[in-house]
Amino acid sequence: MNKVVEVLKAVSDPTRMRILMSLMNGELCVCRITALLDLAPSTISKHLSILRQAKFLKSRKDGKWIYFELNDSSQENLVTKTLELLRKNLENDSIIKTDAVKLGRILQKSREELCKNQKIK
């Protein structure tokens, strides 16, 4: 029961849902997620931590950048099914569509440019 509660709490926040949906097409560095959601880096870090703890995300470090991606290979069947549910029910949501357009513009910028503008190291 604890795992179910943890998973459901992780996806109970609109910001975390937006993060998960933004990662549906591949990994993103923290500065791109921050630019997409226009929130403080500390706020984004907290959301990412909650999602990682619930096994939705995995991360890797490349120099000074940390990348996150969906943990599609999760051994947690509940995580996989929840991601499928989100994908199916949110893919046509207006906020998610707006995020996708904005993310396209963000991906055209270099990491260095994004991080410099956000004062992230």
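Somewhere in the stretch 55-69, is a residue within 27 Å of S110 (Cβ to Cβ), in contact with a Cys (Cβ under 8 Å, 6 or more places away or on another chain) and of a type in the set (S, T, Y)?
Taking every residue of the stretch 55-69 in turn, at least one turns out to be within 27 Å of S110 (Cβ to Cβ), in contact with a Cys (Cβ under 8 Å, 6 or more places away or on another chain) and of a type in the set (S, T, Y).
So which residues in the stretch 78-93 are part of a loop (DSSP other than H, G, I, E, B) and either closer than 25 Å to M1 by Cβ or within 15 Å of the chain's Cα centre (by Cα) (or both)?
Selection gives E91 alone.
Per-residue answers, yes or no, for (1) in contact with a Phe, Trp or Tyr (Cβ under 6 Å, 6 or more places away or on another chain); (2) closer than 22 Å to V101 by Cβ; (3) modelled with pLDDT under 95:
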position: P14; (1), (2), (3): no, yes, no
position: V30; (1), (2), (3): no, yes, yes
position: D38; (1), (2), (3): no, yes, yes
position: K55; (1), (2), (3): no, no, yes
position: D62; (1), (2), (3): no, no, yes
position: F68; (1), (2), (3): no, yes, no
position: Q75; (1), (2), (3): no, no, yes
position: K81; (1), (2), (3): no, no, yes
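Just a yes or no: is a residue in the stretch 6-22 crowded, with 20+ Cβ neighbours inside 10 Å and more than 12 Å from the chain's Cα centre (by Cα)?
no
Is it the case that some residue within the stretch 96-112 is in a loop (DSSP other than H, G, I, E, B), modelled with pLDDT under 90, touching a Ser or Thr at 6+ places or on another chain (Cβ under 7 Å) and not β-branched (V, I, T)?
Looking for residues that are in a loop (DSSP other than H, G, I, E, B), modelled with pLDDT under 90, touching a Ser or Thr at 6+ places or on another chain (Cβ under 7 Å) and not β-branched (V, I, T), one finds none in the stretch 96-112, hence no.
Name the single residue that is nearest to M1 (Cα to Cα) among those in the stretch 39-77 being surrounded by 14 or more Cβ atoms within 10 Å (Cβ to Cβ) and among the β-branched types (V, I, T).
Residue satisfying both the conditions and the ranking: I50.
Every residue in the stretch 28-38 that is of a type outside the set (K, R) and either surrounded by 15 or more Cβ atoms within 10 Å (Cβ to Cβ) or within 16 Å of Q108 (Cβ to Cβ) (or both), please.
Answer for the stretch 28-38, where residues must be of a type outside the set (K, R) and either surrounded by 15 or more Cβ atoms within 10 Å (Cβ to Cβ) or within 16 Å of Q108 (Cβ to Cβ) (or both): L28, C29, V30, C31, I33, T34, A35, L36, L37.
Could you grab the pairs with beta carbons closer than 7 Å, sequence gap of 6+ or different chains, first residue in the stretch 38-66 and of a type in the set (F, W, Y), second one assigned to a strand (DSSP E or B)?
Once the first residue is of a type in the set (F, W, Y) and sits in the stretch 38-66, its partners that are assigned to a strand (DSSP E or B) give F56/L70; W65/C29.
Looking at N2 and the list (1) surrounded by fewer than 17 Cβ atoms within 10 Å (Cβ to Cβ); (2) at pLDDT 95 or above; (3) not β-branched (V, I, T), which single condition is not satisfied?
Condition (2) is where N2 drops out.
The values are calculated or read from the model by the stated rules, or taken from the named source; none is laboratory data. Everything numeric here is computed off the predicted structure, so don't read it as measured data. All Cβ positions, even for glycine, are placed from backbone atoms using ideal geometry, and neighbour counts span all protein chains on display.
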